[in-house]
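First comes the structure, then the notes that go with it.
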Amino acid sequence: MDYNEFIKSKALFDEPTGIKEEPNINGMLFEFQRDIVRWALMRGRAAIFADCGLGKSPMQLEWARCVTEHTGRPVLIVAPLAVTTQTIGEGVKFDVHVEKATGAEVFGQGIYITNYEQLHKHDPSNYSGIVLDESSILKSYTGKYRNELIDNWGSIQFRLACTATPAPNDFMELGNHAEFIGSMTRTEMLSMFFIHDSGETQKWRLKGHAESEFWKWLSSWAVMIRKPSDLGYDDGDFILPELRMHNREVAVGENDSADGMLFRLPASTLQERQKERKLTIDDRVQECVDLIAERPDEQWLIWCNLNSESDALKKAIANSTEVKGSDSPEHKVAALHGFTNGDPQILISKPSIAGWGMNWQHCQNVAFVGLSDSYEQFYQAVRQCWRFGQKKPVDCYVITAETEGAVVANIKRKEEDADKMAREMVKHMQSYNQENIKGITRTESVYMEESKEGKNWKAHLGDSCEVIKTIETGSIDYTIFSPPFASLYTYSNSDRDMGNCKSDDEFMQHFGEFLVPELLRVTRPGRLLSFHCMNIPAMKSRDGYMGLHDFRGKLIKMFQDVGWIFHSEVCIWKDPLLEATRTKAHGLMHKQICKDSSMCRQGIPDYLITMRKDGENDKPLAHPHGLNGKVCDQRANTGSHVMWRKLASPVWMDINQTRTLQYRGARSDKDERHICPLQLDVIERGVQLWSVEGDTVFSPFMGIGSEGYVSVGMGRKFVGIELKSSYFDVACKNLNAAQSKCADLWD
């Protein structure tokens, strides 16, 4: 492929694998539902993150109908136990036949439904498509159902995951959805877009420069909608009624424990909160009974957290039905669907049992007699009643003991955080989703080039693979640079940035196929090129193991493969203690010796690798004044010999790691790392040894202009290329400074 085709191939976009022809969508669906179904069918593998009451059931039913008609083979819907019967009923409303199946009787085309507990009985080869209803079951990356779905059902062409708004701060859930859909593994997603630098292993944050690319990638296979207007449609009847929250705090009596306190103190730890809940069950149950007595003729949904709470509520409340985890599947289904039809009048259960996927818009009274610390369970439990289609205000009562501490405040804080982050998700995905669903186009950034020059230097803003084509063949006397390491979204989000490669192979293709041959072309025969590099640590989160990547060796081979000669190399010493402090690498920590020294390693040095273009050098690099500025004479002073011994040493021990150009003003807020300019000591030695005054020195990755600053200052000419505009601007200032400082060399 040519270079433009290669750049397009680097874009993170999950290619469609679905139905190409225009499907005939059921006219009973709302316009936004039809368009989402049409998009999901075209995708083939997609996720619908639609808030409660927006019609996930009719959308997934219509998607499954179109797939089974297109393929002539069955589609399986997997749902929570109680939701299976509800989905069959929804199918009747929308003229879509859905049949409950245990796995053995599946044949021909059609739509079958089962619950997650029965999934293992179904053979994936029998189906052309699978739908996950309440796909948040994929949340736990070690969960049984998650692993079974990804391992056994990952080869099916048509896959649809449907859930309400996923937890916006739970990137593991998004990663597991991506892995089920087949877009990217969870590990790949984390290593590509995220970084965990908080010291907490499970706490990840989105890289600054990865932000737009992450949401663009996510929107290529998922649509997120909290209301129709999120995608540019009229909200119509999809407006939620008022949710009225009521906190009921139960007073507690004197302290009967042996801790010496007259009154019980508010609980602070999880264990203390659990203890307080057990001690105050009767009081909280009575408060609930009193609440129901105020509205005796209305339906009530009562949530609890402990089995003892559930038992006490059942004994105290007449006309109630209790649904427990130990109940038979038949009892659970009958009770939950009986509540849908008004009998029982009062339902008692836990959010973990009945808090998913039920359409209970007919009920407007919700009470929590026991709370866990899970905001997600609380949110889902409330949304069983407070969802689109609810016509009345919903009253939600949270009954706690005054000694339960900050549990209510904690839930409220999590609610505010989740709502804010969900809005952020919608905002980030909105333009991409509208483009995908409705064909609304966005303004794309345009690649730009610019050139600036001064006396004896010229700087280019642009892609080195493009700009280098304008440089005359055989016009460069010496090249020195530091290539970008494979470090995604560290300094930019451009696909032209060689650091933004998804794999070593992609980097090798970008650098080795499109730049290294051009570097050979522009170099004068017999002259040299030096690149500064180091080997790259392998990380368990990204690579699956801890060790080293031989980046140095791969670069050498890459240059040799296009005709460069491996000329020389020097190892540059770095302080392992400073490296350990900066990187927190386990292998360099002294404590690792006490723990397990098999994982200890040496620090990672830098290398200056020098390659030579074949041919005769028609312009000998004579240094008549020696390497130290004195007359070069075999009988002369030892100064030049001392300098030569220093340069000729295979290990440079005296490079000042902190002697670099200042990068103030170049680094942007989204840069994940400080700019690391090549040390001036290294550049000076390369330029001093392998070029002479008047030569042209080149850097294809100019950065803030370190190579040019040294070259111009030593009486050479300089040509540089830089992709990032903020670095380019600083580089031009540094080149002007070098020109002014060394004007006497050029006059």
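Derivation of every value follows stated rules applied to the coordinates shown; laboratory data play no part. Quantities reported herein were computed from a predicted structural model and do not represent experimental measurements. Neighbour counts are summed over all protein chains in view; Cβ atoms, including those assigned to glycine, are modelled from backbone coordinates with ideal geometry.
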Which FRET efficiency, nearest 0.05, do A334 and M546 yield, Cβ-Cβ r, R0 45 Å?
-> 0.25
Taking every DSSP bridge whose two residues both lie in the chain, the antiparallel percent to the nearest 5 is 25 percent
Cα-projected label distance for N410 with S487, points at 7 Å along beta-carbon direction, nm = 3.9 nm
Measuring from the longest principal axis of the C-alpha atoms of the chain, the long axis of helix 171-181 (C-alpha) lies at a number of degrees, nearest 10, equal to 90 degrees
Counted neighbours (other Cβ, 10 Å), sorted fewest up, put L520, L174 in the order L520, L174
Pairwise FRET efficiency - M448 versus K20, Cβ, R0 = 41 Å, nearest 0.05 | 0.70
Residue span S326 to S155: 0.36 nm per residue of separation minus Cα-Cα distance leaves a gain in nm of 58.1 nm
At R0 = 56 Å the Cβ-Cβ FRET efficiency linking D575 and S503, nearest 0.05, sits at 0.95
Residues whose built amide H sits under 5 Å from the amide H of M589, excluding neighbours closer than 5 in sequence, are none
May I ask you to list the chymotrypsin sites (Phe, Trp or Tyr not before Pro) in the range 499-597 that are in a DSSP loop and have at most 13 other Cβ atoms within 10 Å of their Cβ?
-> Y545
Where does each of S492, S135 land when they are ranked from fewest to most other beta-carbon atoms within 10 angstrom?
-> S492, S135
Karplus-derived HN-Hα couplings along the range 428-433 (A = 6.51, B = -1.76, C = 1.60, θ = phi - 60°), whole Hz, x at Gly and Pro | 5, 8, 4, 5, 5, 4
How far, in nm, would the chain grow between S212 and I565 when pulled straight, counting 0.36 nm per residue and subtracting the alpha carbon separation?
-> 123.0 nm
According to a simple spin-label model (label point 7 Å from Cα along Cα-to-Cβ), what is the distance in nm between V642 and S598?
-> 5.0 nm
Hey, rough spin-label estimate for Q109 and M539, points 7 angstrom out along Cα→Cβ, what's it come to in nanometres?
-> 4.8 nm
To the nearest 10 degrees, the tilt of helix 307-316 (Cα long axis) against the first principal axis of the alpha carbons of the chain is 30 degrees
Compute the long axis of helix 639-648 from its Cα atoms, compare it with the longest principal axis of the Cα atoms of the chain, and write down the angle in degrees, 0 to 90, nearest 10.
-> 40 degrees
Loop-exposed GluC sites (Glu not before Pro) per DSSP, neighbour cap 16 Cβ within 10 angstrom, longest uninterrupted part of the chain | 473-615
What number, rounded to the nearest 500 deg cm²/dmol, is the helix-based mean residue ellipticity at 222 nm of the chain, given -39500 (n - 2.57) per DSSP H run of at least four residues and division by all its residues?
-> -11000 deg cm²/dmol
Quick one: Karplus J couplings for the range 286-295, per residue in order, coefficients 6.51, -1.76, 1.60, θ = phi - 60°, nearest Hz, x for Gly and Pro?
-> 5, 4, 5, 4, 5, 5, 5, 5, 6, 9
Members of K10/K557; K56/K207; K100/K350 lying beyond 28 Å, as alpha-carbon distances in this model show = K56/K207
Pulled fully out, how much extra length does the chain show between N617 and V252, if you take 0.36 nm times their separation in residues and subtract their Cα-Cα distance?
-> 122.1 nm
Relative contact order (%) - the chain, alpha-carbon pairs under 8 angstrom, separation at least six = 11 percent
Loop sites in the range 4-113: trypsin sites (Lys or Arg not before Pro), DSSP, at most 14 other Cβ within 10 Å | K20
Excluding same-chain residues fewer than 8 positions from K455, which lysines have a Cα within less than 30 Å of its Cα?
-> K469, K613, K619, K630, K717, K724, K733, K741
